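To start, the structure itself, in structure tokens.
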Amino acid sequence: LLNKFSNFNFIKSDIKIRSEVDSFFSENLDIDSVVHLAAQAGVRYSLDNPSEYIQSNIVGFFHVLDNCKINKINNIIYASSSSVYGNKSSTPFYESDNCNQPISLYAASKMSNELIAHSYSHLYKLNIIGLRFFTVYGPWGRPDMAPWIFTSKIFNDEYINIFNNGDMLRDFTYIDDITESVYRLIDVMTSQTITTHQNEIYNIGSNNPIKLNLFIQLLEE
């Protein structure tokens with residue numbers, strides 16, 4: 001798979017290590033835009049290993065962003081998360097909503113990304129877009145997410161733990177819609193002449209939240 005495309009190069013590295021990130025950028029000087037999706041994801045794991053979120057999501061994010069500044073890469077897209085909205089119950093969620101009360105370290109780390117990005121965009125005239133993804137699912141999905149957990153339990157004839165009687169809504173977003181959104185944004189950022197720098201935040205979701213019980217019913221079928 002890695003050899004399928006001649007202009008694709010896979011490098012196994014660690015964004016937490018500054019020297020590795022510096023080396024990558026210094027060896028690839030023809031980069032015109034960066035899509036930064038590397039992060040430690042998940043809310044539950046942040047309770048068990050909080051330091052990983054600080055190192056990967058904040059320190060690692062800074063390493064990437066700072067190298068973009070140093071190497072004059074002006075177009076940057078990064079992954080934020082719908083988790084920044086916390087316990088907000090009213091829908092729809094707006095990018096302008098107050099998100100200064102995150103209820104998990106994961107959400108706090110993503111909110112930190114947005115604040116750091118705002119500062120870098122202002123100070124160094126970078127075009128930066130943050131994408132708040134809403135529960136991405138599909139092939140190669142994370143095994144700690146509900147679609148995989150619930151499906152595995154159904155296949156193994158195990159009970160599924162449901163909170164609040166399943167009376168909750170979740171906006172699921174298929175992976176192909178995520179990649180399509182990122183692709184279109186790259187195209188816009190690289191094909192148009194942007195005369196002034198900008199820092200934007202966009203929600204990327206299906207805009208069709210469904211009840212948890214219906215979600216489980218669909219999996220059962």
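Which of the residues belonging to the stretch 20-42 are under 22 Å from Asn113 (Cβ atoms) and open to solvent by 70 Å² or more (accessible area, probe 1.4 Å)?
Scanning the stretch 20-42 gives Phe24, Asp32, Leu37.
Looking only at the stretch 49-66, decide whether some residue is crowded, with 19+ Cβ neighbours inside 10 Å, touching a His at 6+ places or on another chain (Cβ under 8 Å) and among the aromatic types (Phe, Trp, Tyr).
Yes; the residues of the stretch 49-66 include at least one that is crowded, with 19+ Cβ neighbours inside 10 Å, touching a His at 6+ places or on another chain (Cβ under 8 Å) and among the aromatic types (Phe, Trp, Tyr).
Can you tell which of Asp171, Asp187 is under 27 Å from Ser33 (Cβ atoms) and modelled with pLDDT of 80 or more?
After applying the criteria, what remains is Asp187.
Given the residues Val34, Val21, which is the only one that is in contact with a Ser or Thr (Cβ under 9 Å, 6 or more places away or on another chain) and β-branched (Val, Ile, Thr)?
Val21
Take the residues in the stretch 69-82 that are touching a His at 6+ places or on another chain (Cβ under 9 Å) and among the hydrophobic types (A, V, I, L, M, F, W, C), then tell me which one is farthest from Leu185 (Cα to Cα).
Going through the qualifying residues, I end up with Ala79.
Of everything in the stretch 70-81, what is surrounded by fewer than 22 Cβ atoms within 10 Å (Cβ to Cβ) and either touching a Lys or Arg at 6+ places or on another chain (Cβ under 8 Å) or assigned to a helix (DSSP H, G or I) (or both)? Give them in sequence order.
Hits for the stretch 70-81 are Ile70, Asn74.
Which residues, counting only those in the stretch 82-115, are surrounded by 15 or more Cβ atoms within 10 Å (Cβ to Cβ) and among the β-branched types (Val, Ile, Thr)?
Val84
Check every one of the helices (runs of 4 or more DSSP H) wholly within the stretch 123-221 and list those with 3 or more residues that are open to solvent by 70 Å² or more (accessible area, probe 1.4 Å) and not aliphatic (A, V, I, L, M).
175-191, 212-220
Mind checking which helices (runs of 4 or more DSSP H) fall wholly inside the stretch 1-56 and carry at least 2 residues that are modelled with pLDDT of 90 or more and polar (S, T, N, Q)?
In the stretch 1-56, 18-26 are the helices (runs of 4 or more DSSP H) which contain 2 or more residues that are modelled with pLDDT of 90 or more and polar (S, T, N, Q).
Is there any pair with a first residue in the stretch 106-121 that is small (Gly, Ala, Ser) and a second that is open to solvent by less than 30 Å² (accessible area, probe 1.4 Å) whose Cβ atoms are under 6 Å apart and which are 6 or more apart or on different chains, and what are they?
Listed by first residue and then by second, the contacts come to Ala107/Val84; Ser109/Tyr53; Ser109/Asn57; Ala117/Ile128; Ala117/Gly130; Ser121/Ile128.
The values are calculated or read from the model by the stated rules, or taken from the named source; none is laboratory data. This structure is a prediction, so every number in the text was calculated from the model and none was measured. Cβ: placed from backbone, ideal geometry, glycine included. Neighbour counts: every protein chain shown. Heavy atoms of the whole protein, side chains included, go into the accessibility calculation; ligands, DNA and RNA do not. Shrake-Rupley method; radii C 1.70, N 1.55, O 1.52, S 1.80 Å.
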